1. Can you give the FRET efficiency for Arg291 and Met172, using 1/(1 + (r/R0)^6), R0 = 35 Å, r = Cβ-Cβ distance, to the nearest 0.05?
2. Convert each backbone phi in segment 200-212 into a coupling constant with the Karplus relation 6.51 cos²θ - 1.76 cosθ + 1.60 (shift: θ = phi - 60°), then list the ³J(HN,Hα) values in order as whole Hz, x for Gly and Pro.
3. Can you tell me what the convex hull of the Cα atoms of the chain projects to on average, as an area in nm²?
4. List the GluC sites (Glu not before Pro) in segment 199-232 that DSSP assigns to loop (not H, G, I, E or B) and whose Cβ has at most 13 other Cβ atoms within 10 Å. Which are they?
5. Could you pull the Cα extents of segment 209-321 along its three principal axes, largest to smallest, in whole Å?
6. Report, to two decimal places, the Cα Rg of segment 126-284 normalised by 2.2 N^0.38 Å (N = number of residues).
7. On the protein heavy atoms, probe 1.4 angstrom, tell me the percent of accessible surface of the chain carried by carbon and sulfur.
8. Rank-order 97-106, 124-133 by packing density, defined as the average count of other C-beta atoms within 10 Å over each peptide's residues, highest first.
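The values are calculated or read from the model by the stated rules, or taken from the named source; none is laboratory data. Values in this document were obtained by computation on a predicted structure and should not be read as measured data. Here Cβ is always computed from backbone atoms with ideal geometry, including for glycine, and neighbour counts include all displayed protein chains. Side chains are part of the model used for accessible areas, which takes the heavy atoms of the whole protein and leaves out ligands, DNA and RNA. Shrake-Rupley method; radii C 1.70, N 1.55, O 1.52, S 1.80 Å.
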Amino acid sequence: MKTIGVLTSGGDAPGMNPCIRAVVRSALAQNVNVLGVEDGYEGLIRGNFHSMGARDVGGILQRGGTILRTARSEEFRTPRGQREAIRQMNNAGMDALVVIGGDGSLNGAMRLVEQGVPVVGVPGSIDNDIYGTDMCIGVDTALNTIVDAIDKIRDTASSHSRAFIVETMGRMSGYLAVQAGIVTGAEMVLIPEVPVNVEEVAKNVDEAYRRGKTHCIIVVAEGADPGTTEIAKEIDAMDLGFTTRVTILGHIQRGGKPSAFDRLIASRFGHKAVEFLMQGQTGVMVGLNGREMEPVPISVVTSKVKTLSPEYVEMARILAR
Ligand code: F6P
(Lines give C-alpha, C1' and ligand atoms only; values in the text may rest on other atoms or scores of the structure.)
Protein backbone atom coordinates (compact mmCIF):
# COMPACT_ATOMS: atom_id res chain seq x y z
CA MET A 1 0.00 0.00 0.00
CA LYS A 2 1.52 3.29 -1.13
CA THR A 3 -1.17 5.95 -0.75
CA ILE A 4 -4.32 6.24 1.32
CA GLY A 5 -7.03 8.89 1.42
CA VAL A 6 -8.81 10.29 4.45
CA LEU A 7 -12.11 12.15 4.53
CA THR A 8 -14.62 13.46 7.05
CA SER A 9 -18.28 13.31 6.13
CA GLY A 10 -21.74 14.14 7.50
CA GLY A 11 -22.18 16.34 10.56
CA ASP A 12 -18.85 17.44 12.00
CA ALA A 13 -17.93 16.25 15.47
CA PRO A 14 -15.33 17.60 17.90
CA GLY A 15 -12.38 15.23 17.67
CA MET A 16 -12.38 14.76 13.91
CA ASN A 17 -9.17 16.80 13.71
CA PRO A 18 -7.22 14.67 16.21
CA CYS A 19 -8.39 11.65 14.22
CA ILE A 20 -7.14 13.09 10.91
CA ARG A 21 -3.84 13.88 12.62
CA ALA A 22 -3.54 10.31 13.88
CA VAL A 23 -4.32 8.85 10.44
CA VAL A 24 -1.74 11.05 8.73
CA ARG A 25 1.06 10.50 11.22
CA SER A 26 0.41 6.77 11.65
CA ALA A 27 0.42 6.28 7.87
CA LEU A 28 3.60 8.32 7.39
CA ALA A 29 5.28 6.20 10.07
CA GLN A 30 4.62 3.20 7.77
CA ASN A 31 5.95 5.08 4.71
CA VAL A 32 2.44 5.42 3.30
CA ASN A 33 1.44 8.73 1.70
CA VAL A 34 -1.79 10.42 2.68
CA LEU A 35 -4.17 12.39 0.50
CA GLY A 36 -6.64 14.57 2.34
CA VAL A 37 -10.03 14.58 0.61
CA GLU A 38 -11.88 17.88 0.97
CA ASP A 39 -15.61 18.19 1.65
CA GLY A 40 -16.29 14.49 2.25
CA TYR A 41 -17.71 12.44 -0.61
CA GLU A 42 -18.26 15.65 -2.63
CA GLY A 43 -14.49 16.06 -2.77
CA LEU A 44 -14.04 12.39 -3.64
CA ILE A 45 -16.30 12.84 -6.67
CA ARG A 46 -14.49 16.03 -7.79
CA GLY A 47 -10.96 14.77 -7.10
CA ASN A 48 -10.31 17.50 -4.52
CA PHE A 49 -7.32 15.85 -2.88
CA HIS A 50 -4.12 17.24 -1.43
CA SER A 51 -1.06 15.57 -0.04
CA MET A 52 -0.75 15.77 3.75
CA GLY A 53 2.52 15.79 5.67
CA ALA A 54 3.18 15.63 9.40
CA ARG A 55 3.33 19.43 9.66
CA ASP A 56 -0.04 19.85 7.91
CA VAL A 57 -1.71 18.29 10.91
CA GLY A 58 0.28 20.23 13.51
CA GLY A 59 -1.70 22.41 15.94
CA ILE A 60 -5.08 20.83 15.14
CA LEU A 61 -5.51 18.50 18.13
CA GLN A 62 -7.38 21.13 20.09
CA ARG A 63 -9.48 22.51 17.21
CA GLY A 64 -13.17 21.72 16.79
CA GLY A 65 -14.71 21.06 13.37
CA THR A 66 -12.66 19.38 10.65
CA ILE A 67 -9.78 20.88 8.68
CA LEU A 68 -10.82 18.72 5.70
CA ARG A 69 -14.32 20.19 5.91
CA THR A 70 -17.37 18.02 5.48
CA ALA A 71 -20.58 17.71 3.49
CA ARG A 72 -23.69 15.62 3.10
CA SER A 73 -23.39 14.54 -0.53
CA GLU A 74 -26.56 13.76 -2.45
CA GLU A 75 -24.59 12.98 -5.60
CA PHE A 76 -22.59 10.25 -3.90
CA ARG A 77 -25.83 8.36 -3.20
CA THR A 78 -26.19 7.73 -6.92
CA PRO A 79 -24.31 4.95 -8.81
CA ARG A 80 -22.97 7.64 -11.12
CA GLY A 81 -21.51 9.61 -8.19
CA GLN A 82 -19.93 6.47 -6.76
CA ARG A 83 -18.44 5.51 -10.13
CA GLU A 84 -16.95 8.99 -10.51
CA ALA A 85 -15.48 8.86 -6.98
CA ILE A 86 -13.80 5.50 -7.67
CA ARG A 87 -12.42 6.86 -10.96
CA GLN A 88 -10.90 9.86 -9.15
CA MET A 89 -9.39 7.59 -6.51
CA ASN A 90 -7.79 5.41 -9.19
CA ASN A 91 -6.49 8.46 -11.10
CA ALA A 92 -4.81 9.72 -7.94
CA GLY A 93 -3.34 6.32 -7.11
CA MET A 94 -5.32 6.13 -3.88
CA ASP A 95 -5.13 2.51 -2.73
CA ALA A 96 -7.50 2.74 0.25
CA LEU A 97 -9.66 5.19 2.16
CA VAL A 98 -10.37 6.09 5.79
CA VAL A 99 -13.88 7.46 6.24
CA ILE A 100 -14.58 9.38 9.46
CA GLY A 101 -18.28 10.08 9.99
CA GLY A 102 -21.71 9.00 11.15
CA ASP A 103 -24.25 6.48 9.88
CA GLY A 104 -24.82 8.17 6.50
CA SER A 105 -21.07 8.31 5.93
CA LEU A 106 -20.63 4.65 6.83
CA ASN A 107 -23.46 3.76 4.46
CA GLY A 108 -21.50 5.62 1.79
CA ALA A 109 -18.41 3.62 2.79
CA MET A 110 -20.44 0.43 2.36
CA ARG A 111 -21.24 1.38 -1.25
CA LEU A 112 -17.49 1.65 -1.92
CA VAL A 113 -16.76 -1.64 -0.15
CA GLU A 114 -19.38 -3.36 -2.34
CA GLN A 115 -17.46 -2.12 -5.38
CA GLY A 116 -14.14 -3.50 -4.16
CA VAL A 117 -12.63 -0.38 -2.61
CA PRO A 118 -10.58 -1.05 0.56
CA VAL A 119 -12.15 1.17 3.23
CA VAL A 120 -11.83 1.46 7.00
CA GLY A 121 -14.48 3.47 8.81
CA VAL A 122 -14.20 5.50 12.00
CA PRO A 123 -17.35 6.43 13.96
CA GLY A 124 -17.63 10.20 14.23
CA SER A 125 -20.97 11.64 15.31
CA ILE A 126 -22.19 13.44 18.43
CA ASP A 127 -25.38 11.32 18.26
CA ASN A 128 -23.69 8.07 19.44
CA ASP A 129 -26.14 6.13 17.31
CA ILE A 130 -23.70 3.91 15.42
CA TYR A 131 -23.95 0.17 15.90
CA GLY A 132 -20.75 -1.67 16.83
CA THR A 133 -19.08 0.94 18.99
CA ASP A 134 -19.64 2.04 22.57
CA MET A 135 -18.62 5.59 21.74
CA CYS A 136 -18.21 7.83 18.73
CA ILE A 137 -15.89 10.78 18.28
CA GLY A 138 -17.54 13.98 19.55
CA VAL A 139 -20.08 12.54 21.98
CA ASP A 140 -18.16 13.42 25.13
CA THR A 141 -17.49 17.00 24.06
CA ALA A 142 -21.11 17.53 22.99
CA LEU A 143 -22.32 16.13 26.30
CA ASN A 144 -20.05 18.49 28.21
CA THR A 145 -21.38 21.42 26.18
CA ILE A 146 -24.96 20.39 26.97
CA VAL A 147 -24.20 19.98 30.67
CA ASP A 148 -22.56 23.38 30.84
CA ALA A 149 -25.58 24.98 29.13
CA ILE A 150 -28.15 23.23 31.35
CA ASP A 151 -26.23 24.16 34.52
CA LYS A 152 -26.51 27.78 33.42
CA ILE A 153 -30.17 27.45 32.50
CA ARG A 154 -30.86 26.02 35.95
CA ASP A 155 -29.49 29.20 37.58
CA THR A 156 -31.94 31.43 35.77
CA ALA A 157 -34.78 28.88 35.96
CA SER A 158 -34.48 28.76 39.77
CA SER A 159 -34.32 32.53 40.07
CA HIS A 160 -37.58 32.92 38.14
CA SER A 161 -39.43 29.72 39.14
CA ARG A 162 -39.57 28.56 35.56
CA ALA A 163 -39.93 25.31 33.69
CA PHE A 164 -37.39 25.06 30.88
CA ILE A 165 -37.77 22.77 27.91
CA VAL A 166 -34.22 22.20 26.67
CA GLU A 167 -33.81 20.53 23.29
CA THR A 168 -30.71 18.47 22.54
CA MET A 169 -29.51 17.07 19.21
CA GLY A 170 -29.24 13.37 18.47
CA ARG A 171 -31.47 12.80 15.45
CA MET A 172 -33.58 9.71 16.36
CA SER A 173 -31.38 8.75 19.31
CA GLY A 174 -32.08 9.80 22.90
CA TYR A 175 -28.52 9.08 24.02
CA LEU A 176 -27.37 12.67 24.56
CA ALA A 177 -30.66 13.67 26.22
CA VAL A 178 -30.64 10.77 28.68
CA GLN A 179 -27.01 11.17 29.65
CA ALA A 180 -27.47 14.92 30.03
CA GLY A 181 -30.62 14.37 32.08
CA ILE A 182 -28.77 12.09 34.51
CA VAL A 183 -25.76 14.31 35.01
CA THR A 184 -27.65 17.60 35.30
CA GLY A 185 -30.44 16.25 37.51
CA ALA A 186 -33.17 17.15 35.03
CA GLU A 187 -36.72 16.61 36.26
CA MET A 188 -37.68 14.75 33.09
CA VAL A 189 -36.14 13.45 29.87
CA LEU A 190 -38.15 12.89 26.69
CA ILE A 191 -36.64 10.68 24.01
CA PRO A 192 -37.82 9.11 20.74
CA GLU A 193 -37.32 5.59 22.13
CA VAL A 194 -39.89 6.04 24.92
CA PRO A 195 -43.07 7.81 23.83
CA VAL A 196 -44.98 9.80 26.46
CA ASN A 197 -48.05 12.01 26.24
CA VAL A 198 -48.35 15.65 27.23
CA GLU A 199 -50.49 14.72 30.27
CA GLU A 200 -47.61 12.72 31.76
CA VAL A 201 -45.25 15.63 31.23
CA ALA A 202 -47.76 18.00 32.82
CA LYS A 203 -48.13 15.67 35.81
CA ASN A 204 -44.37 15.74 36.36
CA VAL A 205 -44.21 19.52 36.15
CA ASP A 206 -47.16 19.85 38.53
CA GLU A 207 -45.59 17.44 41.04
CA ALA A 208 -42.24 19.21 40.86
CA TYR A 209 -44.01 22.49 41.72
CA ARG A 210 -46.00 20.93 44.58
CA ARG A 211 -42.84 19.34 46.02
CA GLY A 212 -41.43 22.84 46.31
CA LYS A 213 -38.90 22.72 43.50
CA THR A 214 -37.80 26.15 42.32
CA HIS A 215 -37.40 25.05 38.74
CA CYS A 216 -38.24 22.21 36.39
CA ILE A 217 -35.83 21.17 33.64
CA ILE A 218 -37.19 18.93 30.91
CA VAL A 219 -34.59 17.69 28.44
CA VAL A 220 -36.15 16.82 25.09
CA ALA A 221 -34.24 14.92 22.41
CA GLU A 222 -34.83 16.48 19.00
CA GLY A 223 -36.45 13.27 17.70
CA ALA A 224 -38.96 12.99 20.57
CA ASP A 225 -42.68 13.03 19.83
CA PRO A 226 -44.36 15.19 21.00
CA GLY A 227 -41.52 17.62 20.39
CA THR A 228 -40.24 20.73 22.10
CA THR A 229 -42.67 23.27 20.64
CA GLU A 230 -45.79 21.24 21.28
CA ILE A 231 -44.81 20.39 24.84
CA ALA A 232 -43.90 23.97 25.70
CA LYS A 233 -47.15 25.31 24.23
CA GLU A 234 -49.36 22.83 26.06
CA ILE A 235 -47.55 23.02 29.40
CA ASP A 236 -47.62 26.80 29.35
CA ALA A 237 -51.35 26.82 28.64
CA MET A 238 -52.02 24.55 31.65
CA ASP A 239 -50.81 27.14 34.18
CA LEU A 240 -48.95 24.64 36.39
CA GLY A 241 -47.17 27.07 38.67
CA PHE A 242 -44.00 27.53 36.66
CA THR A 243 -43.87 29.83 33.69
CA THR A 244 -42.34 28.13 30.65
CA ARG A 245 -39.35 28.92 28.48
CA VAL A 246 -37.68 27.00 25.64
CA THR A 247 -33.99 26.67 24.80
CA ILE A 248 -32.93 24.83 21.66
CA LEU A 249 -29.22 24.17 22.09
CA GLY A 250 -28.71 23.52 18.37
CA HIS A 251 -25.34 23.55 16.68
CA ILE A 252 -23.33 24.78 19.67
CA GLN A 253 -23.40 21.07 20.56
CA ARG A 254 -21.26 20.29 17.51
CA GLY A 255 -18.64 22.99 18.05
CA GLY A 256 -15.86 23.70 20.49
CA LYS A 257 -12.53 22.16 21.25
CA PRO A 258 -12.59 18.40 21.77
CA SER A 259 -12.42 17.12 25.35
CA ALA A 260 -9.42 15.09 26.50
CA PHE A 261 -11.54 11.95 26.16
CA ASP A 262 -12.48 12.77 22.57
CA ARG A 263 -8.90 13.63 21.65
CA LEU A 264 -7.79 10.29 23.05
CA ILE A 265 -10.39 8.06 21.41
CA ALA A 266 -10.08 10.00 18.14
CA SER A 267 -6.32 9.42 18.17
CA ARG A 268 -6.83 5.74 18.98
CA PHE A 269 -9.48 5.35 16.26
CA GLY A 270 -7.24 7.00 13.64
CA HIS A 271 -4.16 5.02 14.63
CA LYS A 272 -6.09 1.75 14.61
CA ALA A 273 -7.68 2.52 11.24
CA VAL A 274 -4.22 2.70 9.68
CA GLU A 275 -3.15 -0.46 11.51
CA PHE A 276 -6.15 -2.33 10.08
CA LEU A 277 -5.38 -1.05 6.56
CA MET A 278 -1.77 -2.18 6.86
CA GLN A 279 -2.94 -5.62 7.98
CA GLY A 280 -5.30 -5.81 5.01
CA GLN A 281 -8.34 -5.71 7.28
CA THR A 282 -10.71 -3.60 5.23
CA GLY A 283 -14.47 -3.27 4.90
CA VAL A 284 -14.49 -2.73 8.66
CA MET A 285 -15.17 0.10 11.07
CA VAL A 286 -13.00 0.60 14.13
CA GLY A 287 -15.33 0.03 17.08
CA LEU A 288 -14.69 0.74 20.75
CA ASN A 289 -15.76 -2.32 22.69
CA GLY A 290 -15.19 -1.67 26.40
CA ARG A 291 -11.55 -0.59 26.43
CA GLU A 292 -10.56 -2.34 23.21
CA MET A 293 -10.55 -1.09 19.61
CA GLU A 294 -11.95 -3.85 17.41
CA PRO A 295 -12.81 -4.30 13.72
CA VAL A 296 -16.56 -4.50 13.03
CA PRO A 297 -17.70 -5.30 9.45
CA ILE A 298 -19.24 -2.17 7.91
CA SER A 299 -21.97 -4.44 6.55
CA VAL A 300 -22.96 -5.21 10.15
CA VAL A 301 -22.63 -1.59 11.31
CA THR A 302 -24.93 -0.37 8.56
CA SER A 303 -27.54 -3.11 8.88
CA LYS A 304 -28.15 -2.98 12.63
CA VAL A 305 -29.65 -0.34 14.88
CA LYS A 306 -27.91 0.72 18.05
CA THR A 307 -30.32 0.62 20.97
CA LEU A 308 -30.28 2.82 24.03
CA SER A 309 -29.58 1.01 27.29
CA PRO A 310 -32.93 0.72 29.18
CA GLU A 311 -30.88 0.90 32.39
CA TYR A 312 -29.89 4.51 31.66
CA VAL A 313 -33.46 5.43 30.77
CA GLU A 314 -34.74 3.97 34.04
CA MET A 315 -31.98 5.59 36.03
CA ALA A 316 -32.76 9.01 34.57
CA ARG A 317 -36.40 8.52 35.63
CA ILE A 318 -35.62 7.37 39.18
CA LEU A 319 -32.97 9.98 39.93
CA ALA A 320 -35.24 12.80 38.76
CA ARG A 321 -37.56 12.44 41.78
O1 F6P B 1 -25.81 13.84 13.15
C2 F6P B 1 -25.38 14.97 13.84
C3 F6P B 1 -26.46 16.01 13.89
O4 F6P B 1 -25.96 17.12 14.60
C5 F6P B 1 -27.79 15.54 14.45
O6 F6P B 1 -27.80 15.50 15.86
C7 F6P B 1 -28.73 16.56 13.87
O8 F6P B 1 -30.03 16.03 13.73
C9 F6P B 1 -28.14 16.85 12.52
O10 F6P B 1 -26.78 16.46 12.58
C11 F6P B 1 -28.21 18.28 12.07
O12 F6P B 1 -27.69 18.35 10.79
P13 F6P B 1 -27.37 19.71 10.02
O14 F6P B 1 -26.15 20.32 10.64
O15 F6P B 1 -27.13 19.28 8.63
O16 F6P B 1 -28.56 20.59 10.21
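1. Details: r = 28 Å, r/R0 = 0.80.
Calculated transfer efficiency: 0.80.
2. In residue order, the calculated couplings are 5, 5, 4, 4, 5, 5, 4, 5, 4, 5, 5, 6, x Hz.
3. Values: hull surface 64.0 nm².
It is 16.0 nm².
4. Values: sites: Glu199, Glu200, Glu207, Glu222, Glu230; in loops: Glu222.
Counting only loop positions with at most 13 other Cβ atoms within 10 Å, none of the GluC sites (Glu not before Pro) in segment 199-232 qualifies.
5. 64, 31, 25
6. Working: Rg = 18.3 Å, N = 159, 2.2 N^0.38 = 15.1 Å.
Ratio of Rg to 2.2 N^0.38 Å for segment 126-284: 1.21.
7. Working: 6830 of 14010 Å².
Carbon plus sulfur share of accessible area: 49 percent.
8. Values: 97-106: 27.2, 124-133: 25.4.
Averaged packing, sorted descending, gives the order 97-106, 124-133.
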